[in-house]
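A.B. asks: Can you read through this structure? Questions will come right after.
The values are calculated or read from the model by the stated rules, or taken from the named source; none is laboratory data. As the structure is a computational prediction, the values presented were derived from the model and not from experiment. Cβ coordinates were reconstructed from backbone atoms using ideal geometry, including for glycine residues, and neighbour counts include every protein chain displayed. SASA here: full protein model, heavy atoms, side chains in, ligands and nucleic acids out. Shrake-Rupley method; radii C 1.70, N 1.55, O 1.52, S 1.80 Å.
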Amino acid sequence: ALSAAESGGKLSGKAYFEYYQPTDMENDYSEFHFTRFYFAYNYAVSEDISVRYRLDGDRKADGDKWRPYLKHGYVSFANMLPSSTVYAGMQETPNWSYSEKFWGYRSVEKTLQDKNKIGTSADLGFGVKTKLPAHLKLAVLYANGTGYGSPEDDKYKKLYTQVAYTPSDLLTASLFYD
């Protein structure tokens, strides 16, 4: 198989589609609809440098029409630091990757974090993910703090930090601070 650099990049997409029927008697309708869609392009510039551009879409703007927006738009640099990858741009915040991976049933329901609006899943800034000895991983992101849906509106920044201990594929303990 060709690498992303040899093939000119990789396009991918995902959509969540459902049939909805309210359980209360006041609403006498049902519908098929998309709850979310993603469209992504990943390109490996070299073995150590790659680019990701991901559009997301929802109907939150006016409730009727779909709106696309930038979810991820970053450049990553592998091995700039030992056992690490450095990210610059709109990227996933450290607190979301483990909960999304652990839950694994996004087609059924959002994670508790997402459903209850605890934090944001992406933000604009500089980040580092590194593997440490003894099954430890560290992720740090210094970002605007407004998330992917809002422009910067003040002088303050946010430091997201996560330490994860993964002794096996079946067990992960994670501490997160922002």
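A.B. asks: Report, by residue number, each residue of the stretch 119-148 that is in a loop (DSSP other than H, G, I, E, B) and open to solvent by 100 Å² or more (accessible area, probe 1.4 Å).
C.D. replies: Correct list: PRO133, HIS135.
A.B. asks: Please work out which residue is farthest from HIS72 (Cα to Cα), limiting yourself to the stretch 1-32 and to residues that are at pLDDT 75 or above and among the aliphatic types (A, V, I, L, M).
C.D. replies: Per the stated criteria, the residue is ALA15.
A.B. asks: Against the definition (touching a strand residue (DSSP E or B) at 6+ places or on another chain (Cβ under 9 Å), touching a residue at least 24 places away in the same chain (Cβ under 8 Å) and within 23 Å of LEU55 (Cβ to Cβ)), how does PHE102 come out, yes or no?
C.D. replies: no
A.B. asks: On to the next question. Can you tell me which residues in the stretch 76-118 are open to solvent by 50 Å² or more (accessible area, probe 1.4 Å), modelled with pLDDT of 90 or more and under 12 Å from the mean Cα position of the chain (by Cα)?
C.D. replies: GLU92
A.B. asks: Going by the structure shown, is THR35 more than 25 Å from ALA122 (Cα to Cα) and modelled with pLDDT under 80?
C.D. replies: no
Here's the yes/no breakdown for (1) of a type in the set (Asp, Glu); (2) open to solvent by 60 Å² or more (accessible area, probe 1.4 Å); (3) part of a strand (DSSP E or B); (4) without any contact (Cβ under 8 Å) to a residue 24 or more places away in the chain:
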position	(1), (2), (3), (4)
TYR29	no, yes, no, yes
PHE32	no, yes, yes, yes
ARG36	no, no, yes, yes
TYR74	no, no, yes, yes
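A.B. asks: Output the residue which, of all residues in the stretch 155-178 that are at pLDDT 90 or above and part of a loop (DSSP other than H, G, I, E, B), is nearest to PRO94 (Cα to Cα).
C.D. replies: Result: LYS157.
A.B. asks: Taking the stretch 47-72, which residues are at pLDDT 80 or above and either among the acidic types (Asp, Glu) or open to solvent by 50 Å² or more (accessible area, probe 1.4 Å) (or both)?
C.D. replies: Listed by number, the residues that qualify are GLU47, ASP48, ILE49, VAL51, ARG52, TYR53, ASP56, ARG67, PRO68, LEU70.
A.B. asks: On to the next question. Which residue, of THR93, THR120, is of a type in the set (Val, Ile, Thr), closer than 27 Å to ALA15 by Cβ and touching a residue at least 60 places away in the same chain (Cβ under 8 Å)?
C.D. replies: Among THR93, THR120, only THR93 is of a type in the set (Val, Ile, Thr), closer than 27 Å to ALA15 by Cβ and touching a residue at least 60 places away in the same chain (Cβ under 8 Å).
A.B. asks: Every residue in the stretch 30-71 that is closer than 18 Å to LEU141 by Cβ and either in contact with an Asp or Glu (Cβ under 7 Å, 6 or more places away or on another chain) or polar (S, T, N, Q) (or both), please.
C.D. replies: SER50, LYS71, listed by residue number.
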